[in-house]
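A quick write-up on the structure given underneath.
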Amino acid sequence: MLTVEIRTGLFPTEPEGDLETCNGQPGSAFAIWLKEKLSSSGIECDDVLQEDYGWGVWLKSNDEPIWVCVSHAPEGDDEDEGAKTWFVSANYERPFSFLMPWLWGKKKNGLEEEKRIFDLIVTCLREDSQIDIVNTN
């Protein structure tokens, strides 16, 4: 999984959506923003979904399943009212393939596609002057 840490005040951080199963994690606006950026770059995106750690979207990029998600990371009382900390991740969801040898060669393609999508995400983030990239890994 490739992850970038950013700081921005662009997206709300109040609890939203499913407050029980998904802990009300914020991030739908950020996930929708990211989906629109990826879609405008020609990437096929499914609907935005809430998870217990944030919000994400499935991509079907070059026939490889890639999960892209955003997670808010509250820093407690020391986080100022403006910029909030978020993590954006891209992850190739490799098929459970040890019983299906015909899928063994897909891992390399999937990881290459994960990296390509992640680089596109970082480019989209860098293009917005209201987003500061803190760290990538």
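Calculate for the chain the 222 nm mean residue ellipticity that helices alone would give, adding -39,500 (n - 2.57) per DSSP H run of length 4 or more and normalising by residue count, nearest 500 deg cm²/dmol.
Roughly -8500 deg cm²/dmol at 222 nm, from the helical runs in the chain.
Suppose R0 equals 30 Å. What FRET efficiency, 1/(1 + (r/R0)^6) with r the Cβ-Cβ distance, do GLU112 and ALA83 give to the nearest 0.05?
0.35
Explain nothing, just compute: Karplus ³J(HN,Hα) = 6.51 cos²θ - 1.76 cosθ + 1.60, θ = phi - 60°, for every residue of region 86-92 in order, whole Hz, x for Gly and Pro.
9, 10, 10, 10, 10, 9, 6
Of the listed values (1) 44, 32, 26; (2) 51, 35, 25; (3) 55, 30, 25, identify the label whose number matches Cα extents along the principal axes in Å calculated from this model.
(2)
Estimate the FRET efficiency between SER39 and GLU75 by the formula 1/(1 + (r/R0)^6), using the beta-carbon distance for r and 41 Å for R0, to the nearest 0.05.
Efficiency at R0 = 41 Å is approximately 0.85.
The numbers here are math on the coordinates, done by the rules we state, and not lab data. Bear in mind that the values here come from a model prediction, so they are computed numbers and not experimental data. Glycine gets a Cβ as well: all are built from the backbone with ideal geometry, and neighbour counts include every protein chain shown.
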